[in-house]
Amino acid sequence: MEIPFLENYPRIINGAGTLTRLSGTLMRPETLQAMAQAATMFFDMADLQAWASKVIAAATGAEAGYVTSGAAAGLTLAAAACIARLDVKVMEELPVTNAPHEIIIARPHRNSYDHAFRAAGAKLVEVGWDDRVAGAGIRGPEVWEFEVAITPQTCAIAYVAGALPSFPLNKLVQMAHAHGLPVIVDAAAQLPPASNLRYFIEQGADMVAFSGGKALRGPQSTGILAGRADLIASVALQHLDWDVSLETWSPPPTLIPLDKIRGFPHHGIGRGFKVGKEEIVGLLVALQNYVNQDHVAEVKRWHELLHQIATALDGVKGIQVRLPAEDRSGRVPIAEIVFDEAYLHRSALDISRALVQGTPRVFLSERRVHEGLLLVNPFNLDERGAKVIIERLREVCSS
Ligand SMILES: *Cc1c(COP(=O)(O)O)cnc(C)c1O
């Protein structure tokens, strides 16, 4: 079928990574096939989520799991679950409730995804400083700072996983559990390494959110929540459309513990985060593929692509490519392209703009552009993409 918009859409070379604004990544053919098959069938959506729970539990080591419409939606649902637990009255009240709804978070962990927690009705309580940033000291937030901030209004603790080393998650979890509080981890972009699927659960986290549309190569609008069965049950109660009568309601017992609830909201706060049957099936196939893929070979391929770019640009005046060391972290290796701004008479931002506005459009990461460099993330690149990056950089830097 010819779709003129798609046929005519300008090609994008994505050397910037699995960014949401650049449409994430590409799905594998098996995932697309599974989605096409699911699209021909009817399902009881609760059955799909019960199946999802099993698949996600097996992949993460958690008790249970759930497919969400992205990791951000997962954080909102996790917050809603920590506030309401299995209390139907509170589910009906959200996002405004007198039930405990404060989530404690380290100040340096706050970011634009705060909206996700607050959308559930959670109030974020900030603790700790990162003295290292200002050079005022050598410490980031510490676990005791969370503990002294706990009040009867606290419902959970949030932890944003990232490269920046901070306090140990397992110590935070120990402290939280001693107070009967769950810990929610935002691990949206923490894959690869694939070992992180299990890592945060192993550290004791109660709810972990991953993005399905980033390294997992699932449908772009999906995410995963992995965690405690009672909290996942709360998520299911507040997310699925339960426009049914109590008399005929027979949800999968592995998803909903009927004996523990006194009713249910027909539509909870998560109703707006609908996940389609195609997305659930696609995400689960993508997850299983991800678990079984050869991660070492993938890292090797990424290094080769970066090496190819560095070799081809060697000797181009005004550009220096710094290759990452080969390590065993399993993370995506990132190359730095350093521009001699004085020699080129333009800044790294000018170069990025020229790349983005050229043909094809080339996106590199601007994460460190103010240091005079652009980053190449090879996750979404193939040989052809790497060649285009080389050609366009040569053109832009010689014009
Ligand atoms: C991408 C990201 C999210 C959101 O994930 P989606 O799947 O796009 O909703 C949340 N937190 C962090 C740190 C992220 O990088």
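Values as computed for the structure displayed
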quantity: Which of V143, V316 has the fewest Cβ neighbours within 10 Å, and the rest in rising order; calculated: V316, V143
quantity: Centroid-to-centroid separation of the stretch 363-399 and the stretch 75-106 [C-alpha atoms, Å]; calculated: 44
quantity: Among I13, I138, I389: highest mean-square fluctuation, GNM of the chain, C-alpha pairs under 10 Å; calculated: I138
quantity: Radius, Kirkwood style, for the stretch 119-191 when every pair of distinct Cα atoms is counted (Å); calculated: 13.4
quantity: Sequence-distant residues sharing a close amide H with L124 (under 5 Å, placed H); calculated: I103
quantity: Two-decimal ratio, the stretch 10-148, of alpha-carbon radius of gyration to 2.2 N^0.38 Å; calculated: 1.39
quantity: At 0.890 mPa s and 25 °C, Stokes D of the chain from Kirkwood alpha-carbon radius, µm² per second; calculated: 108
quantity: Long-range amide H partners of R367 with built H, under 5 Å; calculated: L375
quantity: Choice from V376, V388, V296 with maximal GNM fluctuation in the chain (Cα, 10 Å cutoff); calculated: V296
quantity: Euclidean distance between Cα centres, the stretch 9-62 to the stretch 108-145, Å; calculated: 31
quantity: Viscosity 1.567 mPa s, temperature 4 °C, Stokes-Einstein D of the stretch 73-206 from Kirkwood C-alpha radius, µm²/s; calculated: 85
quantity: Pair-distance profile P(r), taking every C-alpha pair of the stretch 84-143, with 10 angstrom steps and integer %; calculated: 21, 38, 25, 12, 4
quantity: Reference-scaled alpha-carbon Rg (2.2 N^0.38 Å with N residues) for the stretch 253-314; calculated: 2.09
quantity: Per-peptide average of other Cβ atoms within 10 Å, ordering 41-49, 330-338, 224-232, 238-246 highest first; calculated: 224-232, 330-338, 238-246, 41-49
quantity: S53, S398, S234 arranged by Cβ crowding within 10 Å, fewest neighbours leading; calculated: S398, S53, S234
quantity: Per-residue ³J(HN,Hα) for the stretch 339-355, Karplus 6.51 cos²θ - 1.76 cosθ + 1.60, θ = phi - 60°, Hz, x for Gly and Pro; calculated: 9, 7, 5, 5, 5, 7, 6, 7, 8, 4, 5, 4, 5, 4, 4, 4, 5
quantity: Built amide H within the under 5 Å cut-off of I13, gap 5+; calculated: R361, V362, F363
quantity: For Y290, net neighbour charge (Lys/Arg +1, Asp/Glu -1) across residues whose Cβ lies under 14 Å away; calculated: +1
quantity: In sequence order, calculated HN-Hα J values of the stretch 43-51 (Karplus, 6.51, -1.76, 1.60; Hz; x Gly/Pro); calculated: 9, 7, 4, 5, 5, 4, 6, 5, 5
quantity: Radius of gyration and Dmax over the Cα atoms of the stretch 261-373, both given in Å; calculated: 21.7, 72
quantity: Exceeding the 30 Å Cα-Cα cut-off - candidates K171/K300; K277/K387; K54/K171; K123/K277; K54/K123; calculated: K171/K300; K277/K387; K123/K277; K54/K123
quantity: Karplus-derived 3J(HN,Hα), 6.51/-1.76/1.60, for each residue of the stretch 384-397, Hz, glycine and proline x; calculated: 5, x, 4, 5, 5, 4, 4, 4, 5, 5, 4, 4, 4, 7
quantity: Calculated Rg and Dmax of the stretch 50-126 using C-alpha coordinates, Å; calculated: 13.6, 37
quantity: Cα gyration tensor category, rounded, prolate or oblate, for the stretch 172-281 with a/c compared to 1.5; calculated: oblate
quantity: Label point distance in nm, S195-K277, each placed 7 Å from Cα along Cα→Cβ; calculated: 4.0
quantity: For the chain, built as a Gaussian network whose Cα springs stay under 10 Å, the top-fluctuating residue of T76, T31, T311; calculated: T311
quantity: Which of I351, I157 has the fewest Cβ neighbours within 10 Å, and the rest in rising order; calculated: I351, I157
quantity: The chain: relative contact order in percent, alpha carbon pairs under 8 Å with at least 6 residues between; calculated: 23
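A short reminder: the numbers here are calculations on the coordinates, not readings from a lab. Everything numeric here is computed off the predicted structure, so don't read it as measured data. All Cβ positions, glycine included, derive from the backbone under ideal geometry; neighbour counts span all protein chains shown.
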